[in-house]
Amino acid sequence: MLRATTLALACLVGSSALADQAPTYGKQLEGFSYPHPLKHFDFSSQGQKLQMGYMDVPASGKANGRSVVLMHGKNFCAATWETTIDALTHAGYRVIAPDQIGFCTSSKPDHYQYSFQQLAVNTQALLDSLGAGKVIVLGHSTGGMLATRYALMYPQQVERLTMVNPIGLEDWKALGVPYRSIDQWYQRELKVDAEGVRNYERNTYYAGRWKPEYERWVQMLVGLNKGPGHQAVAWNSALIYDMIFTQPVVHEFKDLKMPTLLLVGDQDTTAIGSDIASPEVKARLGQYKVLGPQTAKLIPQSQLVTFEGLGHAPQIEEPQRFHKELIDWLER
């Protein structure tokens with residue numbers, strides 16, 4: 001009993017020390033190290049001068065002339081694609097990984113009308129500036145919603161579409177999740193801390209499991225939120241959550257024209273607003289074991305790969321297995 005108590009106290013002290021030593025980052029994630037050179041795209045949108053941070057990584061193997069655009073999730077950044085960038089560039093692909101406006105190394109405007117259409121337009125402007133031409137689009141989580149919207153708006157630009165545990169496979173508001181105002185989201189986002197993020201991701205993303213390498217992404221997110229851009233980061237996050245909740249894409253999956261790959265960890269339970277839904281509604285939400293096959297039937301030229309036992313981010317949980325499935329499909 002004494003040994004157990006001592007271990008528990010040591011864990012508490014260790015957690016406190018970790019919290020005390022947690023890094024903070026600038027409003028555009030200044031101070032956090034990206035795996036490849038970070039560049040910035042300057043452009044105007046909605047009467048404002050804005051910047052998108054991005055990585056443009058050439059093939060390190062024999063170049064095949066194809067480009068992949070990576071679209072990150074809500075609690076992720078371009079940097080979290082680190083192992084995917086390496087796998088794709090080694091296989092001969094050029095990889096372009098932007099941070100969308102409101103996220104990570106990009107601008108956090110005081111006022112912005114967020115829509116997936118606007119983020120798609122911003123992304124297209126970046127790609128035009130880089131002379132990217134036709135691309136393969138790979139979106140994870142919220143990036144899957146953006147990838148869907150981008151592919152619907154620019155079908156001539158998209159050679160193939162790949163989505164990794166995309167959220168928005170269901171229409172939460174239509175299923176009965178109550179509306180949370182932007183002000184309510186803002187108050188919630190102001191309170192983001194490492195323990196809360198870690199617990200949420202462990203339970204929702206990783207099916208109750210945790211590995212030490214996940215901690216870097218927790219500290220990235222929390223360090224950005226707790227830094228000098230604290231209020232701007234929280235406000236933009238609130239606006240983005242409202243966009244996600246109010247702009248479903250599920251009803252338009254049937255209109256996708258290009259070959260599409262769904263890569264789904266079947267233990268994922270991510271669902272926006274599930275924390276305030278009634279028990280009856282919550283019980284029906286975020287069942288990726290059901291949503292994956294259901295979505296594959298809606299998309300005309302789709303293929304589903306299910307990662308049994310994995311959660312929201314299979315590219316992080318089991319990168320070798322994930323990248324083999326991805327690259328095998330791209331090269332078929």
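3J(HN,Hα) along region 153-170: 7, 10, x, 6, 8, 9, 5, 8, 10, 10, 10, 10, 5, x, 7, x, 7, 9 Hz, from the Karplus curve 6.51 cos²θ - 1.76 cosθ + 1.60 with θ = phi - 60°, whole Hz, x for Gly and Pro. Distant-in-sequence amide contacts of Ser302, defined by a placed amide H-H separation under 5 Å and a gap of 5 or more residues or a different chain, comprise Thr260.
Over region 77-231, what is the relative contact order in percent, taking alpha-carbon pairs closer than 8 angstrom and at least six residues apart? Spell out each step's value before the answer.
Numbers: 120 pairs, mean separation 22.5, N = 155.
It comes to 14 percent, rounded to a whole number.
Per residue, the chain reaches -12000 deg cm²/dmol at 222 nm when only DSSP H runs of four or more residues are counted, each adding -39500 (n - 2.57).
Couplings for region 274-291, taken from phi via the Karplus curve 6.51 cos²θ - 1.76 cosθ + 1.60 with θ = phi - 60°, read 5, 5, 10, 6, 5, x, 5, 5, 4, 5, 9, 8, x, 8, 5, 4, 8, 5 Hz in order; Gly and Pro are left as x. In region 222-294, Cα pairs under 8 Å separated by at least six residues give a relative contact order of 24 percent. Per-peptide packing, taken as the mean over residues of other Cβ atoms within 10 Å, places 227-233, 71-77, 179-185 in the sequence 71-77, 227-233, 179-185 from highest down. Converting phi to 3J(HN,Hα) with the Karplus coefficients 6.51, -1.76 and 1.60 and the offset θ = phi - 60°, region 181-196 yields 5, 4, 4, 5, 4, 4, 4, 5, 5, 4, 9, 4, 9, 4, 4, x Hz in sequence order, with x at every glycine or proline. Specify which labelled value, from (1) 27, 52, 20, 1; (2) 32, 60, 8, 0; (3) 31, 57, 11, 0, agrees with P(r) over Cα pairs in 20 Å bins from 0, in percent derived from the coordinates of the model shown. The value computed from this structure is option (2).
As a test, work out the antiparallel percent of DSSP beta bridges whose residues both lie in region 2-330, rounded to the nearest 5. Provide the component values of the computation, followed by the final result.
Numbers: 11 of 34 bridges.
In region 2-330, approximately 30 percent of DSSP beta bridges are antiparallel ones.
Over the chain, what is the mean sequence separation of C-alpha contacts under 8 Å (at least six apart), divided by residue count, expressed as relative contact order in percent? Relative contact order here is 18 percent.
We did not get these values from a lab; they are worked out from the coordinates using the rules stated. Quantities reported herein were computed from a predicted structural model and do not represent experimental measurements. Glycine also receives a Cβ, built like all others from the backbone with ideal geometry; neighbour counts cover every protein chain displayed.
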